[in-house]
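Undergrad: Dropping a structure here in structure tokens format, bear with me for questions.
The values are calculated or read from the model by the stated rules, or taken from the named source; none is laboratory data. Computed from a predicted structure; not experimentally measured. Positions of Cβ are generated from backbone atoms using ideal geometry, with glycine treated the same way; all protein chains shown enter the neighbour counts.
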Amino acid sequence: MKIAVCIAHVPDTATRVRIGSDGRSIDPTGVTYVLNPYDEFAVEEAIATREKWGGEVVAFCIGGPDTEPTIRKVLAMGADRAVRIEGDTEDTLVAARWLAEAIREEAPDIVFVGKETVSFNGAAMAAALGELLGWPNASIVVRLELDGQKAIYEREVEGGKEVGQIMLPCVISCQRGLNNPRLPKLPDIMKAKQKPIAVRRPAAVEAGVETVRLELPPPKKGCRFVNSAEELVRLLHEEAGVI
Amino acid sequence: MSVIAYAEQRDGQLRKPAFEVVRKGAELARELGLPFYAVLIGSGVKGLAERLGAYGAERVIVVDQPELAAFAPAAYGRALALAAESRNARLVLLPATAQGKDLAPRVAVRLDAAFAPDVTALRVEDGLLQAVRPVYSGKAFATLIFRKERQVISLRPNVFPAGTPQDGISPQVEVLTVSVEEADLRAQAREIVASAGKLDVAEADIVVSGGRGLKGPENFWMIEELAALLGGAVGASRAVVDAGWRPHAEQVGQTGKVVTPKLYIAVAISGAIQHLAGMSGSRVIVAINKDPEAPIFQVADYGIVGDAFEVVPQLIEAIKKFKQA
Ligand SMILES: Cc1cc2nc3c(=O)[nH]c(=O)nc-3n(C[C@H](O)[C@H](O)[C@H](O)COP(=O)(O)OP(=O)(O)OC[C@H]3O[C@@H](n4cnc5c(N)ncnc54)[C@H](O)[C@@H]3O)c2cc1C
Ligand SMILES: Nc1ncnc2c1ncn2[C@@H]1O[C@H](COP(=O)(O)O)[C@@H](O)[C@H]1O
């Protein structure tokens with residue numbers, strides 16, 4: 001089975017965001033970049049699938065040469081090789097077209113992506129790739145039972161879980177709970193250094209959206225400390241009007 | 001041209017996010033001087049059109065076919081894109097729910113539209129749309145403009161007011177038929193296992209969350225009772241979910257759910273940056289923590305410094321008294 005996994009290189013979740021001098025992007029000074037936390041579930045599922053069914057895991061990452069540590073981490077977790085797509089876009093559909101184009105060439109049986117990135121928070125990639133590739137998708141998946149040409153999935157929906165069936169080839173977006181991502185061991189890290197990373201230049205695609213401003217959330221006016229539960233209830237009713 | 005909104009239904013029930021997108025769609029259509037259509041997709045769903053009238057839909061397009069009984073992203077995407085094309089939609093609004101997140105990108109690809117997911121503010125300036133969406137898990141807000149004639153936008157639930165339903169508007173129903181192909185049904189829902197009638201944190205108006213300071217799962221009765229009294233949902237920090245005290249579905253934060261209730265009460269939660277990412281957009285935040293230096297107080301509107309085991313029972317009593325008065 002040929003397995004694809006899409007991985008994003010994102011600011012660590014503990015990053016304090018500062019706005020850059022252009023007013024429309026973050027200031028990257030001092031920011032540590034890591035593998036997107038949800039993509040750890042996608043990588044783990046890809047490797048576990050190969051371990052069970054045989055085949056190959058190919059990782060795809062859009063980004064510059066600075067993404068290499070993240071790609072190497074995924075290779076150390078067990079991916080066989082990687083494709084880095086040399087590009088940068090803030091339009092999630094442009095990213096989807098670039099990924100779809102690269103994935104189509106490899107013709108995998110299944111593609112794993114993370115539920116969302118902790119930077120863009122689009123949660124859109126699985127459906128976008130599905131539409132572009134002409135494949136079905138299941139998003140926010142917390143359980144997957146693969147059985148040859150089909151799978152039973154369980155995914156989180158409002159107020160419960162949806163159970164359904166999906167035919168391969170397909171795209172699956174992975175949510176926490178699906179598995180426990182492995183930590184690469186030292187020999188794996190050494191081996192990953194030899195694994196190939198191909199670089200490809202994506203086709204020019206016109207962007208549909210443009211960020212004109214990036215701002216920090218408006219500051220809170222400060223916490224009002226109260227001494228009793230009665231006083232709190234009164235304020236929530238009279239001042240805040242929420243109960 | 002027109003504006004259309006996807007009125008999500010599940011198991012034949014309209015949910016609150018459907019009313020929110022219909023209300024916002026109708027309002028934007030008026031501002032843009034365009035006709036507005038709400039779209040219903042499913043099987044046996046025609047009867048739901050009437051209720052959409054009460055939220056401002058004068059026209060409802062209904063795609064009502066047996067093959068669409070269960071949610072299938074590709075089939076529903078085809079139906080919604082067809083509805084958009086048939087009315088030459090300039091703007092398609094969806095809720096950023098589990099369904100909407102699967103449909104919006106598919107519809108945007110089909111329409112070759114510009115696409116923005118999970119938007120929290122949307123306005124028209126000089127006839128052009130501007131959207132605001134949280135990025136970096138709520139740590140910043142991006143303002144976007146669109147470079148294509150058509151736009152597909154999903155709206156974060158619980159942010160845009162649905163308003164009160166008005167009586168007496170009976171919408172005009174227009175039926176549309178879509179030829180669903182076998183390939184469109186290669187992923188399909190079979191059943192939805194509801195979490196025992198519980199309100200979902202992401203949909204609730206009031207959320208009461210508990211953290212590691214509660215010391216054990218046996219103490220969550222306080223949180224449950226407080227939430228029940230307020231008609232709210234129970235949430236949890238990741239520390240509590242990782243410890244197996246509460247299910248992951250209740251986790252609020254960067255790797256849990258993002259919530260925007262009108263009232264969020266954080267009990268014995270320190271307020272780590274990843275937790276704040278999930279709840280800092282709440283309208284009013286209350287923190288109860290024994291440590292006056294806990295970072296949660298930096299985002300809270302109201303705070304009580306004290307032992308949760310004393311304060312929460314007092315709060316339960318105070319609310320009971322308030323409700324009786
Ligand atoms: C990649 C990543 C993703 C993450 N995602 C999330 C996420 O989605 N959601 C999330 O919540 N966290 C997330 N975290 C974890 C986060 O960093 C914190 O570890 C977590 O939120 C802490 O949970 P807590 O506040 O319950 O526990 P603690 O930090 O241990 O805080 C307990 C609090 O309870 C108070 N307390 C103790 N006893 C009492 C008492 N008797 N009465 C009143 N107060 C008391 C203490 O003063 C303290 O402030 C993530 C971390 C990482 C690295
Ligand atoms: N730059 C990127 N390179 C590779 N994969 C990506 C990239 N951005 C997003 N993805 C994938 O798409 C998923 C969802 O991201 P998003 O829709 O942007 O929130 C991520 O978890 C990744 O699997």
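Undergrad: Look at the range B:141-165 and say how many of its residues are surrounded by fewer than 19 Cβ atoms within 10 Å (Cβ to Cβ) and part of a strand (DSSP E or B).
TA: Here the count works out to 2.
Undergrad: Something else: Being over 29 Å from B:Pro261 (Cβ atoms) and either facing another protein chain (nearest Cβ under 10 Å) or not polar (S, T, N, Q) (or both) is true for just one of B:Gln99, B:Gln188, B:Gln130. Which residue is that?
TA: Values: B:Gln99 fails: over 29 Å from B:Pro261 (Cβ atoms); B:Gln130 fails: over 29 Å from B:Pro261 (Cβ atoms).
The conditions single out B:Gln188.
Undergrad: Then there is this: What are the residues in the range A:198-223 that are surrounded by fewer than 14 Cβ atoms within 10 Å (Cβ to Cβ) and closer than 30 Å to B:Asp291 by Cα, if any?
TA: A:Leu216, A:Pro218, A:Pro219, A:Lys220, A:Lys221, A:Gly222
Residue by residue, here is whether (1) at the interface with chain A (Cβ under 7 Å from one of its Cβ atoms); (2) within 29 Å of A:Glu154 (Cα to Cα); (3) within 16 Å of ligand 2 (Cβ to nearest atom); (4) in contact with a Pro (Cβ under 8 Å, 6 or more places away or on another chain) holds:
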site: B:Trp245; (1), (2), (3), (4): no, yes, no, yes
site: B:His248; (1), (2), (3), (4): yes, yes, no, no
site: B:Ile265; (1), (2), (3), (4): no, no, no, no
site: B:Gly271; (1), (2), (3), (4): no, no, no, yes
site: B:Val305; (1), (2), (3), (4): yes, no, no, yes
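Undergrad: Sticking with this one: Here's a check for you: in the range A:224-243, which residue that is in a loop (DSSP other than H, G, I, E, B) and of a type outside the set (Ser, Thr, Tyr) is surrounded by the fewest Cβ atoms within 10 Å (Cβ to Cβ)?
TA: Taking the candidates together, the pick is A:Asn227.
Undergrad: Okay, moving on. Between A:Lys185, A:Lys195, A:Lys220, which is touching a Lys or Arg at 6+ places or on another chain (Cβ under 7 Å) and either free of Cβ contacts under 8 Å to residues at least 60 places away in the same chain or more than 9 Å from chain B (Cβ to nearest Cβ) (or both)?
TA: A:Lys195
Undergrad: Right, another one. Regarding B:Gly213, is this residue under 20 Å from the mean Cα position of the chain (by Cα) and either closer than 27 Å to A:Val157 by Cβ or not in a loop (DSSP other than H, G, I, E, B) (or both)?
TA: no
Undergrad: Pairs, please: C-beta under 7 Å, at least 6 apart or cross-chain, first residue closer than 25 Å to A:Glu145 by Cβ and in the range A:109-134, second outside any loop (DSSP other than H, G, I, E, B) and among the aromatic types (Phe, Trp, Tyr)?
TA: A:Gly114/A:Tyr38; A:Gly114/A:Phe41; A:Lys115/A:Tyr38; A:Glu116/A:Tyr38
Undergrad: Now for a separate question. Filter the range A:32-47 for residues that are under 18 Å from A:Ala192 (Cβ atoms) and either touching a Lys or Arg at 6+ places or on another chain (Cβ under 7 Å) or away from ligand 1 (no atom under 15 Å from the Cβ) (or both) and give the result.
TA: A:Leu35, A:Glu44, A:Ala46, A:Ile47
Undergrad: Tell me the residue from B:Val259, B:Val201 that is in contact (Cβ under 8 Å) with a residue 40 or more places away in the chain, closer than 30 Å to A:Ala138 by Cα, among the β-branched types (Val, Ile, Thr) and not assigned by TED's automatic domain parsing to the domain that holds B:Ile288, please.
TA: Going through B:Val259, B:Val201 in turn, the sole match is B:Val201.
Undergrad: Hey, another quick one. Take the residues in the range A:120-157 that are more than 8 Å from chain B (Cβ to nearest Cβ) and assigned to a loop (DSSP other than H, G, I, E, B); name whichever of them is farthest from B:Val132 (Cα to Cα).
TA: Looking at residues that are more than 8 Å from chain B (Cβ to nearest Cβ) and assigned to a loop (DSSP other than H, G, I, E, B), I get A:Gly148.
Undergrad: Here's a follow-up. With B:Gly33, B:Gly44 as the choices, which residue is farther than 29 Å from B:Thr260 by Cα, without any contact (Cβ under 8 Å) to a residue 12 or more places away in the chain and surrounded by fewer than 19 Cβ atoms within 10 Å (Cβ to Cβ)?
TA: B:Gly33
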